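Report on one structure; see the data block that follows.
The values are calculated or read from the model by the stated rules, or taken from the named source; none is laboratory data. No experiment lies behind these values; they were computed from the predicted model shown. Heads up, the Cβs are rebuilt from the backbone with ideal geometry, glycines too, and the neighbour counts pull from every protein chain shown. When the accessible area is computed, the model is the full protein with side chains, heavy atoms only, and any ligands, DNA or RNA have been set aside. Shrake-Rupley method; radii C 1.70, N 1.55, O 1.52, S 1.80 Å.
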Amino acid sequence: MIEIPLTPADDDRPPPRLTKLAELLQDGVGVRSFVLTGLFLLAVLYTLYFAKEFLLPIFLAMMFTFLLVPVVRFLKQRLHLPEHIGAAIVMLGLVGILAGAVVFVSDPASEWLQTLPSKMPELETRLRLLKKPIAKVTAASAEVEKLATVTDPAGVKTQIIQAPQKSPVAVIMSQTPAFVANLFVMLILLYFLLASGNSFLRKLVTMTPKLRDKVRAVEISRDIEEKISKYLRVTFTINACLGLAVGTASYFVGLQNYILWGSLAFLFNFVPYVGALVGIVSILLVGLLTFPTTSHAFVMPGIYLAIAVLEGNFITPMIMGRFMTLNPVAIFISLMFWGWIWGIPGALLAVPMLAIVKILCDYIEPLEPIGEFLGS
């Protein structure tokens, strides 16, 4: 009798990734490696959180480098300008654009801030629908004040005095010097990154021992630079068009300071999902302070919502889908993480950082499942 060996069907065989995972587990990947990995992640998280003032200008300079390095290369290839001269020209243009934008928006912003305190009672009157929830909050705060009065066994009442809170203007003024210092450091570092050209890449290639690793390093760096640069350019263009549309609609609807609202819509849209929501709520509050009827106040938020839906569901996916697709769940988690770590600048950097992580995972074989999860 001939014995025929039984082999599992091809459909019953485990996927290659599960096979690799089983092999790793059989090779001794145990509790110790997971503990070390957890400690490493905690150390990275601790460093990112407490080294914000040091790391944030570096990350911002890197993002601006991806955006502006094509301009420096264009000046070098077409006009034969050295990289340090091209970088200086680009930096002068960038500083001029930033200064012009601040001057352009400062007048309507200052006008609005001056008239806002006088309009706050009117806003409270228009928001009568929120009177009951506000009353509940007031009653709860009264109960908290009662609980804050502590009576000791001797019968002596001790009032817990809380430290006075600073006004928003005082908080902004206190943070202005640090913001200016970080901006100055970022601009200086950005110039050196633009002027260095491919020197960092050449040094990285020199450090790698094998030819295969050298080729892989060049491929990864080129892919990151190309995709992030294109992503930033496309995002900047889309957000500029959205801001122009919101500003134009605000003008025709009758909102004052329409330049300010268009500029804010442009800035808010750099934060996916959350930015559009904040912009719509802000426009709604402005409409309640501007127009006599509530129905008229909801016109501009409705237009803003329609523009945001059109941009978020049709225009951006149609353009971005050609070269970069990211999982919406991963984007939202990245927004929460970087927003918690670094605040508003972290939320602005969340999507580019996620795209960089996805590109790295796509090139590193053990991390390919993570790259597939980050993609849509």
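Number of residues in the stretch 361-376 that are in contact with a Gly (Cβ under 9 Å, 6 or more places away or on another chain) and open to solvent by 30 Å² or more (accessible area, probe 1.4 Å): the value is 4. Could you check, for the stretch 202-215, whether at least one of its residues is over 25 Å from Leu81 (Cβ atoms), modelled with pLDDT of 85 or more and among the polar types (S, T, N, Q)? Checked against the condition, which is being over 25 Å from Leu81 (Cβ atoms), modelled with pLDDT of 85 or more and among the polar types (S, T, N, Q), the stretch 202-215 yields no hits at all. Only residues that are open to solvent by 10 Å² or more (accessible area, probe 1.4 Å) and more than 18 Å from Tyr231 (Cα to Cα) were counted across the stretch 342-360, and they come to 2. Scanning the stretch 157-199 for residues that are at pLDDT 70 or above and either open to solvent by 100 Å² or more (accessible area, probe 1.4 Å) or among the β-branched types (Val, Ile, Thr) (or both) yields a total of 6.
Which of the residues that make up the stretch 70-126 are charged (D, E, K, R), open to solvent by 50 Å² or more (accessible area, probe 1.4 Å) and closer than 30 Å to Thr294 by Cβ? Asp107, Glu111, Glu122, Glu124, Arg126, listed by residue number. Scanning the stretch 299-349 for residues that are over 17 Å from Phe268 (Cα atoms) and of a type in the set (Ser, Thr, Tyr) yields a single hit, Thr325.
One residue stands out among those in the stretch 231-264 that are assigned to a helix (DSSP H, G or I) and among the polar types (S, T, N, Q): the one that is most open to solvent (accessible area, probe 1.4 Å), which is Thr237.
Applying the set (1) of a type in the set (A, V, I, L, M); (2) surrounded by fewer than 16 Cβ atoms within 10 Å (Cβ to Cβ); (3) not in a helix (DSSP H, G or I) to Ile58 leaves exactly one unmet item: (3).
Do we have any residue at all in the stretch 320-341 that's part of a helix (DSSP H, G or I), open to solvent by less than 60 Å² (accessible area, probe 1.4 Å) and under 17 Å from Ser250 (Cβ atoms)? The answer is no, given that none of the residues of the stretch 320-341 is part of a helix (DSSP H, G or I), open to solvent by less than 60 Å² (accessible area, probe 1.4 Å) and under 17 Å from Ser250 (Cβ atoms). Ile228 meets all of the listed conditions (1) in contact with a Phe, Trp or Tyr (Cβ under 7 Å, 6 or more places away or on another chain); (2) farther than 19 Å from Lys358 by Cα; (3) open to solvent by less than 30 Å² (accessible area, probe 1.4 Å) but one, namely (2). Are any of the residues in the stretch 223-243 within 30 Å of Ser118 (Cα to Cα) and at pLDDT 85 or above? Taking every residue of the stretch 223-243 in turn, at least one turns out to be within 30 Å of Ser118 (Cα to Cα) and at pLDDT 85 or above. The residues of the stretch 280-289 that are among the small types (Gly, Ala, Ser) and surrounded by fewer than 19 Cβ atoms within 10 Å (Cβ to Cβ) amount to a single one, Ser282.
If you go through the stretch 290-319, how many residues are surrounded by 18 or more Cβ atoms within 10 Å (Cβ to Cβ) and small (Gly, Ala, Ser)? Of the residues in the stretch 290-319, 2 are surrounded by 18 or more Cβ atoms within 10 Å (Cβ to Cβ) and small (Gly, Ala, Ser). Condition test on Val44, is it open to solvent by less than 100 Å² (accessible area, probe 1.4 Å), modelled with pLDDT under 85 and under 30 Å from Leu190 (Cβ atoms)? Yes, satisfied.
Residues in the stretch 347-365 that are free of Cβ contacts under 8 Å to residues at least 24 places away in the same chain and either of a type outside the set (D, E, K, R) or farther than 22 Å from Val234 by Cβ (or both): Val357, Cys361, Ile364, Glu365.
Scanning the stretch 265-279 for residues that are part of a helix (DSSP H, G or I) and surrounded by fewer than 21 Cβ atoms within 10 Å (Cβ to Cβ) yields Leu267, Val274, Leu277, Val278.
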